[in-house]
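Asker: I have a structure I would like to understand better, so I am pasting it below and will then ask my questions one at a time.
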Amino acid sequence: MKDTAINVLKILEESPGPVSGERIAEQLGITRSAVWKQIRELRRLGYGISSSRAEGYRLETKTDRLLPYEIHKHLRTRFIGRQIRHFDRTASTSWIGKKLAGETDPEKLHGMVIIAEEQTGGVGRLGRAWVSPAGGIWATIILKPKVPLDHLFMITMAGSVAIARAIRKEYDISVLIKWPNDIFVGDKKVAGLLLELAAEADTVHYGLLGIGIDANISLAELSPNLQETVTSIEAEVGHPVDRVALLARILREFELRYQQLEGGEYDSIVCEWKSLSLTLDHRVAIKTVNKTFEGEAIDIDDHGALIVRKDNGKVERVIAGDCFQL
C-alpha cells in the first residue's frame, strides 16, 4: 500500500463520521481526483468505504487481508516483522525469501516477513506440495541466525511453540505439537513449519522459517483426502478469525522464544515444547531415509531430536524423519 493511500485511510479511521473528498484533499495537499484514486485502491484492498455526494467517504469495515499496515498496528516486536513484504498471490514465499537473501545482505533482512494471500506452489517437508488457498496464513521469516549449528533445529521448535501458544491465547483451542513440525487440533493438522538453511561448512548464511496455517479455510473446498486429516481454525471455533491479530501474536511469541534461543536458554524452549507435545509418551512409527521402526516416544533432547524406545528395548535418537502416531 502506498503512503498516500495509507494517509487517506488514516483520515477515515480517525474521523467519527463521513469525510468529504475536498477535506481529505486539503489535508494531504492533493487533488480530489487523487483522493478518488486512493479510495478506489483501498476498496481493491478490501476496505469497505461508503461514499455520498452530500457527506463524503466513510470507512465501514476494515480489510481482511494481511497488509503490513494492519499488522504493524498490532505488532510489538523489536525486529521480527518490522519489515514485511506482502503479495496477493505467489508461487511460494520461501522462493521470494531465497531470491531476496541472494540479492541482499541477509543481516539487513533479519526478521523480515514475506506474506502471500495465496500460494500456488507451496512446499512442505521432503518437497511435498502444501495446499495454500486464500484464507490461510502463508508466510516466511528471513533470519540471520546467531545460534550454534547443533542447535539450529530449535528454531523450528521455537516457531512451533509460538504458533501453539498464539492459537491457544487467541481462541482457547487445545492445539498440540506433533514432532517434528506440525500443529494439531485433536487428530487433525491445522498448521506446519519448515526450516530451510543456506549454509556451507560451519557458516550459516541465512535461514528461512516457513509457516502455513489453515486459518479461514473452507474444508468443503479441500479434497476428500485432505478433509480427513486437516482442519482449520475457522472450523474449530465456528466463525472466521482475525488473521491479522493472529499473525501479529505469532510474530510476538516467536521473537520472544527466538531471543531465548540466541541467549542460550535451550532448556526453557525444550520444556515448553514438551508441555505442548502430542508425540511424547505415545506409541509411534518412525520412517527415516534408511529404515522404519516402531516404539514409544520417550523424550526430546535439546537439539530437537526425538528419543524413541524401540520394541526391542533399544533407544534410538531420531534427527529427521516422519513420525506417525499409533
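Asker: Would you tally the residues in region 1-18 being over 29 Å from the mean Cα position of the chain (by Cα), open to solvent by less than 100 Å² (accessible area, probe 1.4 Å) and not aliphatic (A, V, I, L, M)?
Answerer: 3
Asker: Still on this model: Among what's in region 259-276 and is in contact (Cβ under 8 Å) with a residue 40 or more places away in the chain and in contact with a Pro (Cβ under 9 Å, 6 or more places away or on another chain), pick the residue that is nearest to ALA164 (Cα to Cα).
Answerer: It comes out as LEU261.
Asker: Scanning region 128-154 for residues that are of a type in the set (Val, Ile, Thr) and at pLDDT 95 or above, which turns out farthest from THR229 (Cα to Cα)?
Answerer: ILE142
Asker: Considering only residues that are among the acidic types (Asp, Glu) and part of a strand (DSSP E or B), which ones fall in region 179-208?
Answerer: The answer is ASP182, GLU196, GLU200.
Asker: Within region 19-125, considering only helices (runs of 4 or more DSSP H) that don't extend past its boundaries, which have at least 2 residues that are in contact (Cβ under 8 Å) with a residue 12 or more places away in the chain and open to solvent by 80 Å² or more (accessible area, probe 1.4 Å)?
Answerer: It comes to 21-28, 93-103.
Asker: Scanning region 290-326 for residues that are within 27 Å of the chain's Cα centre (by Cα), in a strand (DSSP E or B) and of a type in the set (Val, Ile, Thr), which turns out nearest to VAL147 (Cα to Cα)?
Answerer: This residue is ILE300.
Asker: What helices (runs of 4 or more DSSP H) completely inside region 209-289 contain at least 1 residues that are open to solvent by 40 Å² or more (accessible area, probe 1.4 Å) and under 21 Å from LEU143 (Cα atoms)?
Answerer: 243-262, 266-275
The values are calculated or read from the model by the stated rules, or taken from the named source; none is laboratory data. Here the structure is a predicted model, which is why all the values come from computation and not from measurement. With ideal geometry, Cβ positions are generated from the backbone for all residues, glycine too; neighbour counts draw on all protein chains shown. Remember, those area values only see protein heavy atoms, side chains included, never the ligands or the DNA or RNA. Shrake-Rupley method; radii C 1.70, N 1.55, O 1.52, S 1.80 Å.
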